[in-house]
Each structure stands twice: as C-alpha cells, then as structure tokens.
1. Set the Förster distance to 41 Å, then compute FRET efficiency between B:Leu162 and A:Lys100 from the Cβ-Cβ distance, nearest 0.05.
2. What distance in nm separates the two pseudo spin-label positions at B:Ser108 and B:Thr91, each 7 Å out from Cα along the beta-carbon direction?
3. Distances over 25 Å make up what percent of all Cα-Cα pairs in region B:32-170?
4. Taking amide H positions as placed in the peptide plane 1.01 Å from N, state which residues far from B:Asn69 in sequence (5 or more) or on other chains have amide H under 5 Å from it.
5. List the GluC sites (Glu not before Pro) in region B:94-132 that DSSP assigns to loop (not H, G, I, E or B) and whose Cβ has at most 10 other Cβ atoms within 10 Å. Which are they?
6. For a quick check: with amide H placed at 1.01 Å from N, whose amide H comes under 5 Å from B:Ile140's, ignoring anything fewer than 5 positions away on the same chain?
7. Longer than 18 Å from Cα to Cα, which of B:Lys26/B:Lys157; B:Lys26/B:Lys168; B:Lys112/B:Lys171; A:Lys100/A:Lys148 are they? Say none if no pair is.
8. With no solvent and one point on each alpha carbon, what is the Debye value of log10 I(q)/I(0) for region A:61-126 at q = 0.18, 0.22, 0.26, 0.27 Å⁻¹?
Amino acid sequence: MKVVFQIFLFLFLGVQLSSCNQEPTLQKYFVNHQNDEGYVMVDLPASMFLSFNDELASADQEAIESVKKVSVLAYPLNGTNTANYETEVAILNKILSQEKYKLLMKIGNTTKGMRIAYLGEEKAIDEVVFFGNDGEKGFIVARVLGKKMNVGELMKLVGKLENGDIKLNLKQFEETLESLDEIES
Amino acid sequence: MKTKTVFLLAFCFYPILNWGQANFTKYESMKEVSAMVITQNMFKLLSEIDLDTQDQETQAYIDLIENLNDIKVLTTNNVEIGTEMNTDFNTYVESSQIEELMRFKEKSMQVKFYSKPGSQEGFVSELLMLMTGQEEGEPITVVMSIQGDIDLKQVSKLANDLKVPGAKQLKNIK
C-alpha cells in the first residue's frame, strides 16, 4: 500500500513539475516574438531616466534600484494582420489569466480594453504588466521589471520628484521616444 | 468512513454554498459586455501608499478605498444579455440576504440599489446596483457590485470619480 502511495506521489509531483515548465510566460512570449515581423520591441533600462544620486537616502536609493527596466512589445495593425492579431491577443489573454498574474484592474471588452496585473508579493513586486488591445490599432504589452518593488516606497519617490528633491533625467528618455516616432513614421 | 462522507457531502454542496456570491464573472469575457473590474490586489497596493492628509474629508475617502474588496461594473447594449443579467441579478437578490436600499426612475432609466448590512450603522458590506433603460436611444443594462466595508456617505464620491451611473442619487442616502 505504502509503495502504491509513493508511486502516486511521485507521478503527481512529476506531472506538477512538467506542467510548470510548459507554462507559457510573458518572458517566453517576448523572446519568441521580439524579432518577428510586425512586432515592435523596446527596452528601456531604468537607469536611463532615473539618475543615481549620492545624496539620496538609502531607502530611496533602494527604491530606485528595485526597478530594473521597462520592456515594451507592440503589434500595430496594418490592415493585413488582423487574423494574427486575434490569435496573439487570445494567447496573451491566456497567459495573463494565470493565477500568478495578480489582476489589479481591467477595463473594456474583448475588442478594446486594457488590464494591469503584477507578479510577486504585495510588498515585493517583481513585475507589473500592462496589456492593452484595440481592434482597430493593435496591441501593446508593457512590463515594468524589477526586484522586490514596493509601491509605497516608489510612490514616496514620486512625491519627492514632484517636490524637486530628486531630478528625473528625462532627456535621454525623450530622445528615445523621438527616435521611436521616427521609426513609426 | 465518517470523515469521508462529510468531505464528500461538503464537496457536493460546495457549488451551492458558493451561490451566495453574486456571480457575474461569465459576463466579463463576453464580446458585447464592457467590464470594469478593480480587484482586492489593487486596494491592497493602494493601502501600501502612505497618503496622510490633514483634510478630514480626503482621509475619509482614503479610508473607504482601503477597506474595499472589489468593484465590478458591467455594461451592455445587447438586449438579450441585458435580460440575462437582469434575471441573474434578481435570482441573486432573492437568494441572499440583501436588502433594497432605494429605487428610482430618471428619464428613461430605472435604477435599483441593494445592500447588505455592514460592520456598523451607515456601513454596508456589499452594494449592488442594477440599471436598465435607454441611453441615447440604445438599450442599456448596467450591473455594479462593490464589496468591502463600505461607508455609504463616501461611496457616492467614489462612484462619481469612477463615472458610474447613479452616483448622483447615491449622494442622497444617509
């Protein structure tokens, strides 16, 4: 009896583990599609627009360093790729419906909408995901990647930015946006 | 043996026990339905942010948000789905201990509010709204559900901010 139980346990664990590995993730999706035709991929390291400053308190420094980068993947519609758009939106919806992506909010319907979710724990967020799709324009997935991001601490930072205690280095950021505009036009 | 039976029974009855929760989830994925969902995760995150303010009114508003569990608003212009929502809404109202809070008619809209008693006077644990009628000549059905520890005095402000229909009338409940 005991042996049978052990075999069952083993099989059960085996199935669990293998299913884990096959689980689709956004990371895989990004890697698989970043070079595909029709996709636009942009990576923005956080250091690009958040300049480090020695004068900062260590808590702020930590908050800044918890954000690693912003990664964006977009698929604009051009009139011929609607069918593919629909398939991909369905795949992304499926990925994001997994329980580990904790839904924060969603608005809209299947043809036009957006949702925001996160990975990790309430006080230590590893990734924030924004997914928006529009049946006339295309879809966009933006991921804010980091390590143990704390919304409270980050919001404090934002507050300090508004007060001018910390300077945001937007010059490079704007330049990137401009070059993006050029690519699109 | 006995424990087994209990488990089996619990398992069988679980779906029925679960009925108590208003279940409008199926509508979220329908093409003809527009949904707005804000989950508990969001409110938890919001409560992480220190929003200390001297203003009492703002503080009351923050308290309301921190004590919310989830908000769901479903809107459809499809008559058939609207009717189905209506039926589901009524079934839920009948099956649970939920009381009518108010009802009114405005222009071509019929609005009903229901609520479950909450932790104290002036608070509710659930607020439900059903709105049916015509908007700009199109049939419209809206279901809104808010769960949490809700201060009725503050909720109209929130409804207003979220542009939920019926927000104005909510102001009148005291």
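1. 0.90
2. 2.9 nm
3. On the way: 2659 of 9591 pairs.
Tail fraction, whole percent: 28.
4. B:Gln147, B:Gly148, B:Asp149
5. Numbers: sites: B:Glu94, B:Glu99, B:Glu100, B:Glu106, B:Glu121, B:Glu126; in loops: B:Glu121.
In loop regions of region B:94-132 (DSSP not H, G, I, E or B), the sparsely surrounded GluC sites (Glu not before Pro) are B:Glu121.
6. Distant-sequence amide H within range of B:Ile140: B:Gly133, B:Gln134, B:Glu135.
7. Values: B:Lys26/B:Lys157 28 Å; B:Lys26/B:Lys168 29 Å; B:Lys112/B:Lys171 14 Å; A:Lys100/A:Lys148 15 Å.
In this structure, B:Lys26/B:Lys157; B:Lys26/B:Lys168 lie more than 18 Å apart at Cα.
8. Each listed q maps to, in turn, -0.86, -1.10, -1.28, -1.32.
No value in this document is a laboratory result; all are computed from the given coordinates. The shown structure was predicted, so the numbers you read here are calculated from the model rather than taken from an experiment. A quick note on method: Cβ atoms are made from the backbone with ideal geometry, for glycine too, and the neighbour counts reach across all protein chains shown.
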